[in-house]
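What follows is one structure encoded as structure tokens, with my remarks underneath.
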Amino acid sequence: MEFRYFRDPEGFALLVDSPQPCSVCSKVGVWFDTGGYPGINEIDCICEDCLKSGKLIDLEIEANQFYDDDSEESVTLMYKTPALPTWQETAWPLVNGEFPVFERIASKQDFESKDDFLKSFSGEGQEVSEIEWLWDRLPEKKLNSYKDAGDVSVYLFTLEGNKYWVWDAN
Ligand SMILES: [Zn+2]
């Protein structure tokens with residue numbers, strides 16, 4: 001599975017537990033769980049091909065919510081990219097007008113140091129001093145799946161080699 005803005009869907013996208021027919025084309029597999037995707041219509045799951053080809057557009061289901069400016073990039077992010085594995089509606093960061101790639105839920109190993117961690121914070125409406133404590137809550141070891149995340153998750157993104165993160169709590 002390969003997506004422009006989502007590095008590791010097998011590990012970090014919400015998938016159904018066992019093989020099921022895609023709600024759009026009926027092909028059977030372990031597909032993206034769309035039960036939590038907001039929209040006009042509701043479907044259980046969608047396969048990689050249907051998601052990539054934009055089948056959610058006609059269904060008016062938004063995988064990721066973002067201000068829709070009709071650009072190819074925002075349409076790709078909103079309708080053709082797996083949803084971030086968040087508890088709340090965490091917005092995808094925008095960096096200098098571009099969407100960074102979601103890499104994984106972060107651990108301490110994803111950063112060189114606490115300073116490196118703090119300087120790549122890209123959430124809005126918070127000072128770095130308010131979220132310093134998050135460093136101590138980061139898992140020590142690299143995560144392979146969103147299922148390994150705790151009650152607090154740091155979502156790591158990259159753009160042109162730079163790191164960015166936002167966070168969310170259960
Ligand atoms: Zn399908």
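Criterion first (touching a Leu at 6+ places or on another chain (Cβ under 7 Å), of a type in the set (Lys, Arg) and either without any contact (Cβ under 8 Å) to a residue 40 or more places away in the chain or loosely packed, with under 13 Cβ neighbours inside 10 Å (or both)) does LYS108 satisfy it? When the stated conditions are applied, LYS108 passes them. Out of the stretch 21-42, which residues are surrounded by fewer than 18 Cβ atoms within 10 Å (Cβ to Cβ) and under 19 Å from the mean Cα position of the chain (by Cα)? Within the stretch 21-42, VAL30, GLY35, GLY36, PRO38, GLY39 meet the criteria.
Selection of first residues in the stretch 1-20 that are in the same structural domain as GLY161 (by TED's automatic domain parsing) and on the phi < 0 side of the Ramachandran plot and of second residues that are surrounded by 18 or more Cβ atoms within 10 Å (Cβ to Cβ) and at pLDDT 95 or above, restricted to Cβ pairs under 7 Å at least 6 apart or on distinct chains, gives an empty result. When PRO93, PRO100 are checked against the criterion of being at pLDDT 95 or above, touching a Pro at 6+ places or on another chain (Cβ under 7 Å) and in the same structural domain as VAL154 (by TED's automatic domain parsing), a single residue qualifies: PRO100. Within the stretch 123-140, is there a residue that is touching a Gly at 6+ places or on another chain (Cβ under 9 Å), outside the structural domain of LEU15 (by TED's automatic domain parsing) and under 30 Å from SER23 (Cβ atoms)? Looking for residues that are touching a Gly at 6+ places or on another chain (Cβ under 9 Å), outside the structural domain of LEU15 (by TED's automatic domain parsing) and under 30 Å from SER23 (Cβ atoms), one finds none in the stretch 123-140, hence no.
Given the structure, is PHE6 within 18 Å of ALA91 (Cβ to Cβ) and modelled with pLDDT under 95? So PHE6 does not fit the description; no. Within the stretch 125-153, being in contact with a Lys or Arg (Cβ under 6 Å, 6 or more places away or on another chain) and either of a type in the set (S, T, N, Q) or assigned to a helix (DSSP H, G or I) (or both) holds for one residue alone: TRP135. Residue count for the stretch 1-33 under the criterion of being among the polar types (S, T, N, Q) and more than 13 Å from the ligand (Cβ to nearest atom): the result is 1. For the stretch 127-143, the count of residues that are surrounded by 13 or more Cβ atoms within 10 Å (Cβ to Cβ) and closer than 19 Å to ARG7 by Cα is at least one.
The values are calculated or read from the model by the stated rules, or taken from the named source; none is laboratory data. Worth saying up front: this structure is predicted, and the values here are computed from it rather than measured. As a convention, Cβ positions derive from the backbone with ideal geometry for all residues, glycine included, and neighbour counts pool all protein chains shown.
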